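What follows is a short report on a single structure.
The values are calculated or read from the model by the stated rules, or taken from the named source; none is laboratory data. Quick caveat, the model's predicted, so the values are computed rather than measured. Using ideal geometry, Cβ is built from the backbone for each residue, glycine included, and neighbour counts are taken over all protein chains shown.
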Amino acid sequence: MKQFPSYPLKIPLSVKAPDQFLIWVKTQKKLIDTNSIIRIEAQGSYSLIYTRNGERYLVSGNLSRLGARFKGFVRIHRSHLINPAFVNRSAPWLIRESLHFMQLANGESVPVSRRVWRNTKAILTIDL
């Protein structure tokens, strides 16, 4: 498993294309394809971006800011934004001790808030 940098990366306001996201990695700029982002997890004032190829990037910016940038993503918990394209369609839900989790295509399970659980099912058009 790759380690993410211990320092936050800056999110610049300029982006090259609407389907790409520009971040700084050390002193280099890196473009990330937004279709390769599986989920984004809150880390205080920062966010951790998980990509399809297993890379993780710690970026400066909260989920509200990133949620406005990634229009197709769904906020399923106060700490999680997901890309609906990566939801495991064969077994999307996991329920443990009255807590709801969403299964992603990469095998991870992400918590779903009780308040938004019903709305999330409707947004993602997944039937139980």
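Annotations
- Answer from Leu66, Leu81, Leu58 - the residue that is aliphatic (A, V, I, L, M), under 24 Å from Ile32 (Cβ atoms) and not in a strand (DSSP E or B): Leu66
- The residues in the range 32-54 that are surrounded by 15 or more Cβ atoms within 10 Å (Cβ to Cβ) and either of a type in the set (Asp, Glu) or farther than 18 Å from His77 by Cβ (or both) can be counted, and the count is 6.
- In the range 35-47 there is at least one residue matching the filter, namely being at pLDDT 90 or above, of a type in the set (Ser, Thr, Tyr), in a strand (DSSP E or B) and under 21 Å from Phe86 (Cα atoms).
- Filtering Lys30, Lys71 for residues that are among the charged types (D, E, K, R) and in a strand (DSSP E or B) leaves a single hit, Lys30.
- Residue match in the range 55-63 (condition: without any contact (Cβ under 8 Å) to a residue 24 or more places away in the chain, within 10 Å of the chain's Cα centre (by Cα) and surrounded by 13 or more Cβ atoms within 10 Å (Cβ to Cβ)): yes
- Here Ile126 fulfils each of the conditions (1) surrounded by fewer than 17 Cβ atoms within 10 Å (Cβ to Cβ); (2) at pLDDT 85 or above apart from (2).
- On the stretch given as the range 84-106, residues that are basic (Lys, Arg) and part of a helix (DSSP H, G or I) total 0.
- Of the residues Leu22, Leu94, the single one that is in contact with a Phe, Trp or Tyr (Cβ under 8 Å, 6 or more places away or on another chain) and either closer than 26 Å to Asn119 by Cβ or surrounded by 14 or more Cβ atoms within 10 Å (Cβ to Cβ) (or both) is Leu94.
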